[in-house]
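Asks: Take this structure, written in structure tokens, and hold onto it; I'll ask about it next.
Nothing in this text is a laboratory measurement; each read-out follows from the coordinates by a stated rule. Since this is a predicted model, take the numbers as computed values, not measurements. A quick note on method: Cβ atoms are made from the backbone with ideal geometry, for glycine too, and the neighbour counts reach across all protein chains shown.
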Amino acid sequence: MDITEFCESLKQARPPQGLNPALEALWWEAKGDWNKAHETAQRDEGPNGSWVHAYLHRKAGDLSNAQYWYRRADRPTGDGDSKREWDSIVNWLLRTSSH
């Protein structure tokens, strides 16, 4: 799957089968369901889940909590356009994770 296919899947009511929790969380966030995205990101306690968790809190305006999660993910604190960060995370996860 590439980012185009991932974005196309947003037209569906449910995420594609087999997505890892970090990708599924970003899918739910793109669908506008922050709570479902947050709940799903919490299922991945590794660096990828922490990165998505950080992104979600940054997007929600909870910067101190976001910084904690960026540190756990060993990633620089996100800044600038959140859509660009979403694209970067999705691309990274699609390239490096089994989904």
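Asks: I'd like the residue in region 1-31 that is in contact with a Gly (Cβ under 8 Å, 6 or more places away or on another chain) and of a type in the set (A, V, I, L, M) and, out of all such residues, is farthest from residue 57 (Cα to Cα).
Replies: 22
Asks: Got a sec? Which helices (runs of 4 or more DSSP H) wholly within the chain have at least 2 residues that are surrounded by fewer than 17 Cβ atoms within 10 Å (Cβ to Cβ) and touching a Ser or Thr at 6+ places or on another chain (Cβ under 9 Å)?
Replies: Ranges flagged: 63-73.
Asks: Right, here's the next one. State all residues of region 41-59 that are more than 9 Å from the chain's Cα centre (by Cα) and within 18 Å of residue 7 (Cβ to Cβ); if no residue qualifies, say none.
Replies: Passing the criteria: only 59.
Asks: Also, I was wondering about something else. For region 1-60, which positions are among the basic types (Lys, Arg) and without any contact (Cβ under 8 Å) to a residue 12 or more places away in the chain?
Replies: 11, 14, 36
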